[in-house]
Amino acid sequence: MDTTMNDVLRQNLDYICFAAVILCFVSGLEFVMHRYLVSEKLRGKVVAGKKFSMGFMPYLAGTVICTLLIIGWFVVDDAGKKELDRNKMLVDGIAPTFAYELGKLGHENIQLSTSMSDEKYLTAKQTLEKWLDINPDISAIYTLREISQGRHVYVISPPSDVNHDGKIEGEQEVGYPLGTLYPYELPDLNETTEMKSTFREGLILQDWGSTISAFVPIFDSTGRQDAVLGVDFDATMWEKKVAKARWSMMAFLLIVFIPFNTTYWVIFHQRVERFRMMLHQEEISESEDRFRKLSNATFEGIVLSDQGKILEINQTLCSMFGYESEAEMTGMSAFLLAASESRDHLIENLYSMSNSMLEIVAQRKDGTKFSAELVGTSCMYQGREVRVTAIRDISERKRTQEIIHHMALHDTLTGLPNRALFSQHLHEVLEQARESGQKLAVFFLDLDRFKILNDTLGHARGDKLLKAVATRLSRCAGETGVVARMSGDEFVMLIPNFEEPAEIEAIAEQVLARLEKPYKIHDYELHATASIGIALFPQDGDDSQVLIKNAETALFRVKDKGSNHYSLYAPAMNMKGIERLQLENGLRHALEREEFVLYYQPRINMQSGQIIGMEALLRWNHPELGLVPPGAFIPIAEETGLIVPIGDWVLRTALHQNKAWQDAGYPMMTVAVNLSPRQFLRQGLVESIAKELRETGLHPSFLELEITESLTMHDVEYTIRTLDELSKMGVQISIDDFGTGYSSLNYLKHFPVSTLKIDQSFVRELIGDPYNAAIVTTVIHLAQSLQMKVIAEGVETEEQFVYLRDHRCDEMQGFLFSRPIPADQYEELLRGNVMFEVS
């Protein structure tokens, strides 16, 4: 029967697994060696131009292992075959003997008609049972007789414990009755002189497992084949014997592999240690060479000394101290490196073995001196402890430190003391003044219009001007006074030891007069004035910072009133600043505390007298100050940037309120909301307004945005683009306080503006002032010519009303009709459908 490759692989699967285990073990060993090299940081290291290598050993090891595995294949296969042959020889030894004995017992006399209780039948059956007991490896033994071509029946089939469970049960174990048909075909039985058994090809699968069957012919007294003796063996038992033989051989191979791999590991470890030692020696050599090169390349001189005697130095030290070579300094006393005034400190440092750092005055070969910094420690040198000292020339650093110290306390442009030095000096002078009872004056000066001069003439001329002012101030301060530059165009001056405030006022007038004189700078004649705030010690403050702050407060008072003047500090000046700070702090929390409220002022149509719109006006209900007018907090909100979130709240609230009144059935009307400059110029304004309109559901035509006239001129292109986008949405645009700014009529025609609002300052002086009347009339005619509506705000008297009506003003708002009122009161006006008399 042909044997396929699959059969070969299946029969040798145990050895294939064994070989795979061996190869995995070898691969694992190689991996362990690789990881060992990585962990020891030897992977990729180069010694003498070569990396670590096992040489030909891996190839030799691989060849040996593969050779052993190939040889092992045949050895193991041969061991299995030999074991199988031994089993067959065992059968060949007993089966013919059994057949011969059965022939002598007269097996030929047992016919199919013979009774199973016949004495001959029972004798033969008992003989077979005895053979089963003697040979436990036999699962079953029986005799067969041919009844036709290829068909056989059982003759004798004694009971047998075929599954070796200690019980005789089932048809196969009890035995088959005489004449029972044998269900399998028998192999060809050829008579041979060797009397060997014939084995069936392939296994027979019985209920109790696979069997190996051997058959021997039984001859009668005439030498003719009478029957066949069948002997069944448990295939599992045979396979176990064969497997045991194969595994014994594989165990032997394993015993061969273990010392081989152990030897390979030992050789690897020895080579690693040898490579590590070579690497260490090379690193030491490189480190020494690198240290010497670095020590010569460094800016620090390095000296090794023992008890003050120089052992080794680097080239930098030679150059630093003016010697020509290292040999010239080797062996000399290291104490000669220090000047006489520092020699004791150097001796103490060189004899110490602890880490230390000190500065000394060093001395060169030619006797010149310089500042040096020494850092000392100890190290081993040729078996003994010596002193290692690094010496650095710090002369340049000393000079730099002095310059930096001066720059840190002085103004780089004018050379005057800066804020830090002035505060320090003022603090010291105050300490002395407290003890002596002297009076002091602190002047805080600011140049008027300096930014304009600086931007116009350039920073170079501006710097020249500042230096000239500093010079004049220093002369005014005299020898006892101190002048300092605080920042930009701000100066302070300290005048000590005066008797009466009149003396200080005289000095202030002298300073103003001297600063007023023209300055000749780069062929330009410049004129500069200053404003001065003055604080006196002790009445205006007992602390340096307080005096400077109060002097600055007095300066702000001068700036508020004008310029080119001085003012002495008064406590009342701080009250205004405190109130402003209180408002600013309150503003930062007013939104979250819901302290803002909207008031609404109606706008009246001059033809019908009906309320056709309203302006939303912000009020702040401060918890301590009450209702704060917008003029008190709006400028602060603009300055701090808080106007942006406040403005968003005003817009959102006004839209919600107008939509609520429309939903309640009141007449449709427009609500006007003021936009601050910060709101208008921020990015995303149009998107923000569109979002609020969508969320409230109010149609854009019922929203009017008021912008100031001056705001439109900041960035004309941005203004036109933004107003066009709002106008396309349907939002109405009006220019508030028209006539107070400086807008260009040329640009005005390009703005999508629907309304002009006449500022109340013109309306207030309308009667009795022909100039204001002319301006109001001109604005009305201008708006009508441009097809715009015109609204007069601040109408308070009948005379104003009549004049505006006669000149065809479209709408009015003011105290004559209604003050700004809360939403609930405004709703009362709407509910009562109030009409105002306009005829």
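Derivation of every value follows stated rules applied to the coordinates shown; laboratory data play no part. Everything quoted here is computed from the prediction, not taken from an experiment. Virtual Cβ from ideal backbone geometry, glycine too; neighbours counted across all protein chains shown.
Under the 0.36 nm per residue contour assumption, what length would be gained going from the current alpha-carbon distance of residue 438 and residue 248 to full extension?
Using 0.36 nm per residue and subtracting the Cα-Cα distance, I get 56.8 nm.
Would you mind telling me the antiparallel percentage of the DSSP bridges in the stretch 380-517, rounded to 5?
100 percent
Just check the stretch 410-570 against the gyration tensor rule for me: Cα atoms, a ≥ b ≥ c as the square roots of the eigenvalues, rounded for a/c under 1.5, and otherwise prolate or oblate depending on whether a/b exceeds b/c.
Cα axes put the stretch 410-570 in the prolate bin.
What's the ranking of 441-447, 311-317, 727-733 by average number of surrounding C-beta atoms within 10 Å, highest first?
For the peptides 441-447, 311-317, 727-733, the packing ranking is 441-447, 311-317, 727-733.
Contour minus end-to-end for residue 592 and residue 639, with contour as 0.36 nm per residue of separation and end-to-end as the Cα-Cα distance?
Length gained between residue 592 and residue 639: 15.0 nm.
What's the ranking of 454-460, 750-756, 154-160, 778-784 by average number of surrounding C-beta atoms within 10 Å, highest first?
Result, highest mean Cβ count within 10 Å first: 154-160, 750-756, 778-784, 454-460.
Given the peptides 580-589, 519-528, 808-817, arrange them by the average over their residues of other C-beta atoms within 10 Å, most packed first.
The densest-packed peptide leads the list: 808-817, 580-589, 519-528.
Label point 7 Å out from residue 581 along Cα-to-Cβ: which residues of the stretch 532-548 have amide N under 12 Å?
546
Using the beta-carbon distance between residue 130 and residue 25 and R0 = 45 Å, what value does 1/(1 + (r/R0)^6) give for FRET efficiency, to the nearest 0.05?
Between residue 130 and residue 25 the formula returns 0.30.
Between residue 380 and residue 167, what is the label-point separation in nm under the 7 Å Cα-to-beta-carbon projection?
8.3 nm
Could you list, in their original order, any pairs among 439/549; 82/104; 369/398; 88/167 whose Cα atoms are separated by more than 25 Å?
Distance filter (> 25 Å) returns 82/104; 88/167.
Give me the compactness ratio for the stretch 298-395, meaning the Cα radius of gyration over 2.2 N^0.38 Å.
Rounded to two decimals, the normalised Rg is 0.96.
Need the full-extension length gain, residue 648 to residue 199, defined as separation in residues times 0.36 nm minus the C-alpha distance. One decimal, nm.
151.1 nm
Once label points are set 7 Å from the Cα along Cα→Cβ at both residue 38 and residue 255, what is their separation, rounded to one decimal in nm?
It is 3.7 nm.
Excluding residue 104 itself, calculate the net charge of residues whose Cβ lies under 13 Å from the Cβ of residue 104, where each Lys or Arg counts +1 and each Asp or Glu counts -1.
-3
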